[in-house]
Amino acid sequence: MKRKIINIDEEKCTGCGDCIPNCPEGAIQIIDGKARLISDLFCDGLGACIGHCPENAITVEEREAQPYDEEMVMENIVRHGENTIQAHLNHLKEHGETEYLKQALCFLEEKGIDIKLNKEPAGHHHGGGCPGARAMSFSQPDSQEGSEEGNRPSQLSHWPIQLHLISPLAPQFQGKDVLLSADCVAYTIGDFHKDFLKGKSLTIACPKLDSGKEVYIEKLRALIDHAKINTITVMTMEVPCCSGLVYLAEEALRSSERHIPLKHIKVSLKGEVLEEEWISEKTEA
């Protein structure tokens, strides 16, 4: 069958092993000094390991592969203890994989292993287990307009939002319009939520202070090619260093298979929109 699955570039891989604790299925091992996918059966293709490789050696591709086997994954991870099992269950729930989650829970029940879903594993540092990085979608109130006299509701639809922490394959990005905002933008615009965030999936980054720019490009490319997002709107401040965020989006678009509209909005230090332009209006399904 043809499906999404990770690909590890052997030439880029240094064998550091940073990807291993960030794979909830235990699908990656260091063999002969390189990170390797031990079996197609263990990889669900959701890309939890993307962004944790300092060499940007891991991507998600679509190719002929054996179907993912939840029972074999559970057979593998139960040997590693409760924290590993809990991280895997959280991972499945966060990505909306209800069928695989049912299979995993049935497996645990048959084995007599009592682990409650949503329990936070002690001392676990995988992105899915950390409260600050756990993927969440928020329901929105019926009325989104608010008023000057009352509290204006947040338009944020999901968590996390930092570009290093998001999963490009998370359901909150599938087929959406994405707002890529520099960290400082929301602090300058009083009506950021109402005028710019509403109806969009948000991710934020600082092109000056953040490390791992190559990882950012790969994540944006994965959003374009795998999450099949509709558009990207990049919001930056007027300061020169902020323009780097536009460069990252353009590089991701150039390296992607799909071509989608890319918009840039530049904001002054006083929160005024200085420029608003479509950099790329070409779109491809």
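The values are calculated or read from the model by the stated rules, or taken from the named source; none is laboratory data. The model shown is predicted, which means the values in this text are computed figures rather than measured ones. In this analysis, Cβ positions are derived from the backbone assuming ideal geometry, glycine residues included, and neighbour counts consider all displayed protein chains.
In table form, for the structure just shown:
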read-out	value
Leading residue by the ranking (modelled with the lowest pLDDT) among those in the range 78-124 that are surrounded by 15 or more Cβ atoms within 10 Å (Cβ to Cβ) and among the polar types (S, T, N, Q)	83
Lone qualifier among 20, 28 - being buried (at least 22 other Cβ atoms within 10 Å of the Cβ) and within 19 Å of residue 88 (Cβ to Cβ)	28
Selection count where residues are within 25 Å of residue 172 (Cβ to Cβ), over 22 Å from the mean Cα position of the chain (by Cα) and of a type in the set (A, V, I, L, M, F, W, C), scope the range 243-285	4
Any chance residue 15 is over 22 Å from the mean Cα position of the chain (by Cα), at pLDDT 85 or above and small (Gly, Ala, Ser)	yes
